[in-house]
1. Go through the residues of the stretch 19-41 one by one and say whether even a single one is open to solvent by less than 50 Å² (accessible area, probe 1.4 Å), more than 15 Å from the ligand (Cβ to nearest atom), farther than 25 Å from residue 298 by Cβ and in contact with a helix residue (DSSP H, G or I) (Cβ under 7 Å, 6 or more places away or on another chain).
2. Counting only residues that are open to solvent by 20 Å² or more (accessible area, probe 1.4 Å) and either outside any loop (DSSP other than H, G, I, E, B) or out of contact with any Gly (no Cβ under 7 Å at 6 or more places or on another chain) (or both), how many does the stretch 223-259 have?
3. State all residues of the stretch 136-168 that are open to solvent by 20 Å² or more (accessible area, probe 1.4 Å) and hydroxyl-bearing (Ser, Thr, Tyr); if no residue qualifies, say none.
4. Looking only at the stretch 180-205, which residues are part of a helix (DSSP H, G or I) and in contact (Cβ under 8 Å) with a residue 40 or more places away in the chain?
Amino acid sequence: MTEARFIDTFGRVHRDLRVSVTDRCNLRCTYCMPPDFADWMPGDHLLSVDELMTVIEVAVEGGIESIRLTGGEPLVRPDIVDIVRRINALPTPPRVTLTTNALKLAELAQPLKDAGLERVNISLDTLDADRFRRLTYRDRYADALAGIEAALAAGLHPVKVNTVLMRGINDDEAVPMLRHAIEHGWHLRFIEQMPLDAHASWDRAEMVTAAEIHDLLEQEFTLTPTGQRGSAPAEEFLVDGGPATVGIIASVSKPFCAACDRLRLTADGQVRNCLFAREETDVRATLRDPELSDEQRRAEIARLFAQATWEKLPGHGINDPSFIQPDRPMSAIGG
Ligand SMILES: C[S@@+](CC[C@H](N)C(=O)[O-])C[C@H]1O[C@@H](n2cnc3c(N)ncnc32)[C@H](O)[C@@H]1O
């Protein structure tokens, strides 16, 4: 284990880095990005593969052991397989996973596996093609399902499928989704909707809570807590005695900030110490500073990471009356 350098004032050691590689997406999920979204990051703000690799190398030297590639949609970035390959070619490679809507996985699952990708988290909120189109503003349900099949066939196990339940929209699908997941070898996890939508319309009272999801599932299945959690956000349950399991991620109603070991890098080179952080630490300027030698650049990036970590607050604060939603939507932060 590398000596940990990313420690905060509460003693939390950070070993997981979420790296957003783009803010672009081929879907427009209603709770993430408006259908007519146009406020894209300027192309020259996006980090190149070489720049990403410099940051990732420094992060790994600072104790980061797992990298989750995300976006926007990470698979719309043309060099995504190269990014995975280069991370795996590091002297001490971190584990590399990826969060995706699966639309491009039919063509990319095997190349990603060959490049060293460990597994994927796939986002899917419905098993109904019409509903998928209404939720995402794109008629791509069949592509998402084909992508999940491809991930299973390529051995990107366990294939975790993440579902956000929304009241009156898809909360009638909890049981059918779990049944389908068990039948098809997906590992399903339900996630509470968080205040990260671009139009700031999230309403705590409307949110389908983890407790409700648990009750909905218990009408049909027997759930037994596995008791395994650690820094992982999902509370896991055996379904009907196992071996199938289901996860419920109570980001809002039962925050897991005290065990958080995650840092984030946005596609335009900003370090965030929390999904809900109000402040970011710029590493892009350091990456592009022509006055710095490579050694100075790396030392400064390590210092910026350590400082951003040190400034991390005890919790995300969603439940505080003074909570203010981040300026950027989830698609631009990197989910
Ligand atoms: C922003 S997406 C990025 C990666 C990729 N495009 C995908 O679909 O997985 C990552 C995850 O964030 C989730 N997400 C986006 N906005 C959210 C919100 N307001 N609350 C909870 N989850 C959200 C999505 O459902 C998805 O599972």
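1. Checking the stretch 19-41: not a single residue is open to solvent by less than 50 Å² (accessible area, probe 1.4 Å), more than 15 Å from the ligand (Cβ to nearest atom), farther than 25 Å from residue 298 by Cβ and in contact with a helix residue (DSSP H, G or I) (Cβ under 7 Å, 6 or more places away or on another chain).
2. Applying the first criterion (open to solvent by 20 Å² or more (accessible area, probe 1.4 Å)) to the stretch 223-259 yields 224-233, 235-236, 238, 240-245, 253-259.
In the following step, the residues that additionally are either outside any loop (DSSP other than H, G, I, E, B) or out of contact with any Gly (no Cβ under 7 Å at 6 or more places or on another chain) (or both) were identified as 224-233, 235-236, 238, 240-245, 253-254, 256-259.
Adding up the residues that qualify gives 25.
3. Answer for the stretch 136-168, where residues must be open to solvent by 20 Å² or more (accessible area, probe 1.4 Å) and hydroxyl-bearing (Ser, Thr, Tyr): 137, 141.
4. Keep residues of the stretch 180-205 that are part of a helix (DSSP H, G or I), which gives 180-184, 204-205.
Scanning the stretch 180-205 gives 180, 181, 182, 204.
Per-residue answers, yes or no, for (1) touching a residue at least 24 places away in the same chain (Cβ under 8 Å); (2) away from the ligand (no atom under 15 Å from the Cβ); (3) surrounded by 19 or more Cβ atoms within 10 Å (Cβ to Cβ):
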residue: 9; (1), (2), (3): yes, yes, no
residue: 13; (1), (2), (3): yes, yes, no
residue: 48; (1), (2), (3): no, yes, no
residue: 67; (1), (2), (3): yes, no, yes
residue: 85; (1), (2), (3): yes, yes, no
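The values are calculated or read from the model by the stated rules, or taken from the named source; none is laboratory data. If you're wondering where the values come from, they're calculated on a predicted model, not measured in any experiment. Here the Cβ is made from the backbone with ideal geometry for all residues, glycine too, and neighbour counts use every protein chain on show. Heads up: the accessible areas ignore ligands, DNA and RNA and are worked out on the full protein's heavy atoms, side chains in. Shrake-Rupley method; radii C 1.70, N 1.55, O 1.52, S 1.80 Å.
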